1. Summing +1 for each Lys or Arg and -1 for each Asp or Glu, what net charge is found among the other residues whose Cβ lies under 14 Å from the Cβ of ASP243?
2. What length, rounded to one decimal in nm, is gained on full extension from THR239 through to ASP144, with 0.36 nm per residue of separation minus their alpha-carbon distance?
3. In what sequence, largest accessible area first, do TRP143, TRP297 appear using a 1.4 Å probe?
4. For the residue pair SER53 and HIS292, what label-to-label distance in nm results when each label sits 7 Å from Cα along the Cα-to-beta-carbon direction?
5. Where both partners of a DSSP beta bridge lie in the chain, what percent of those bridges are antiparallel, to the nearest 5?
6. Got a sec? Which residues in the stretch 57-80 would a label at ILE103 touch, if it sits 7 Å along Cα→Cβ and we count backbone N under 19 Å?
7. Using the structure shown, select from LYS66/LYS141; LYS147/LYS235; LYS66/LYS147; LYS141/LYS235; LYS108/LYS141 the pairs with a Cα to Cα distance greater than 25 angstrom.
8. How much accessible surface does PHE185 have with a 1.4 Å probe, in Å² rounded to 10?
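The values are calculated or read from the model by the stated rules, or taken from the named source; none is laboratory data. Not measured: the values here are computed from a predicted model. A quick note on method: Cβ atoms are made from the backbone with ideal geometry, for glycine too, and the neighbour counts reach across all protein chains shown. Accessible surface is based on the protein model in full, side chains and every heavy atom, while ligands, DNA and RNA are left aside. Shrake-Rupley method; radii C 1.70, N 1.55, O 1.52, S 1.80 Å.
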Amino acid sequence: MIKRVLGITGLLAGLMGCGHGKPPLDNPSQGTIVIAADESFQPLVTQLTSAYSGIYPETHFKIVFKPEQEAINMMLRDSARMVFTTRKLKPTERAVLDQRKIIGATEKIATDGVALIINKANTDSLITMAELQRIFSGQTKQWDQLKGGNQKSPITLVFDNNNSSNLEFVLSTFKIKDVKGIRIFTTHSNREVIDFVRKNPSALGFIGVNWISDSDEPLSVELAQDLRVLGVSDKLNPTKRDDYFQPFQEDLGMQRYPLRRPVYIVSRETHPGLGQGLINYITRDAGSLIIHKLGLWPRIPYDRVINLKK
């Protein structure tokens with residue numbers, strides 16, 4: 001009789017644990033989720049998720065790198081739990097989650113920059129926002145039309161993808177709606193942009209700065225070789241080198257680099273799961289150290305406590 005009672009109890013416990021056939025919910029220390037991200041954030045997302053899984057070995061992240069709009073769409077249709085993006089959701093996108101009564105979360109985690117890169121043979125390493133505006137409006141087409149330009153060749157603007165966050169951000173910044181009159185070439189990744197610029201002295205490439213800003217990462221050092229990163233000024237008539245800024249940490253944090261942008265995590269999570277665990281790690285824990293190491297500016301700096309003894 002005792003064995004029979006124990007058997008029934010075990011069966012009931014098993015049924016309750018199975019949740020009528022549903023898989024158990026993930027939590028901050030175990031489980032598997034899909035993350036979508038724009039490819040310009042690949043080094044950032046890879047290092048953050050790898051570090052988190054190193055702390056919690058039972059967690060697994062399936063990362064899908066897509067152009068920004070496609071990445072957001074994956075999250076909206078529940079093909080991804082969360083997305084790394086340069087913007088908050090638009091009202092029409094937010095409405096998709098509202099219809100399903102999903103509150104989710106939107107957290108700014110860092111300030112990033114779009115880096116402008118040129119071939120080392122091109123010695124014109126400074127440019128103004130006004131000059132960029134004329135390039136994107138089709139008024140300036142040749143390098144020698146720029147102040148300090150040393151090449152008699154057309155300017156080829158190189159981006160990673162037709163729908164990438166890099167292209168969308170730059171076109172939005174300069175309020176460009178029609179690119180027909182502009183010499184634009186698109187590749188398939190930020191790394192391909194770097195390779196194209198390295199081989200073409202007339203190219204002006206646009207990449208996420210985290211691809212080349214980590215001086216401790218061998219890949220970043222390798223990719224940055226034989227390239228120049230342009231200094232950009234938002235002054236109409238800059239008079240000295242100090243009027244120009246590059247997309248590196250201090251100038252991003254002090255808001256001096258003109259082509260800076262935020263980095264957000266947007267989540268559709270409806271329970272305190274693995275996604276929220278990752279967000280907490282990035283915003284409240286040592287994840288900000290990784291952002292800092294990558295050369296970006298973390299929204300919340302990691303507190304370092306130093307004990308001084310006599």
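1. On the way: positive: LYS147, LYS235, LYS240, ARG241, ARG256; negative: GLU131, ASP234, ASP242, ASP251.
In short, +1.
2. Once the chain is fully extended between THR239 and ASP144, it gains 32.3 nm.
3. TRP297, TRP143
4. Spacing of the two 7 Å Cα→Cβ label points: 2.6 nm.
5. On the way: 25 of 45 bridges.
Bridges in the chain that DSSP calls antiparallel: roughly 55 percent.
6. The answer is none, because no backbone nitrogen lies closer than 19 Å to the label point.
7. Values: LYS66/LYS141 30 Å; LYS147/LYS235 14 Å; LYS66/LYS147 37 Å; LYS141/LYS235 21 Å; LYS108/LYS141 37 Å.
Check vs 25 Å cut-off fails for LYS66/LYS141; LYS66/LYS147; LYS108/LYS141.
8. We get 90 Å² for PHE185.
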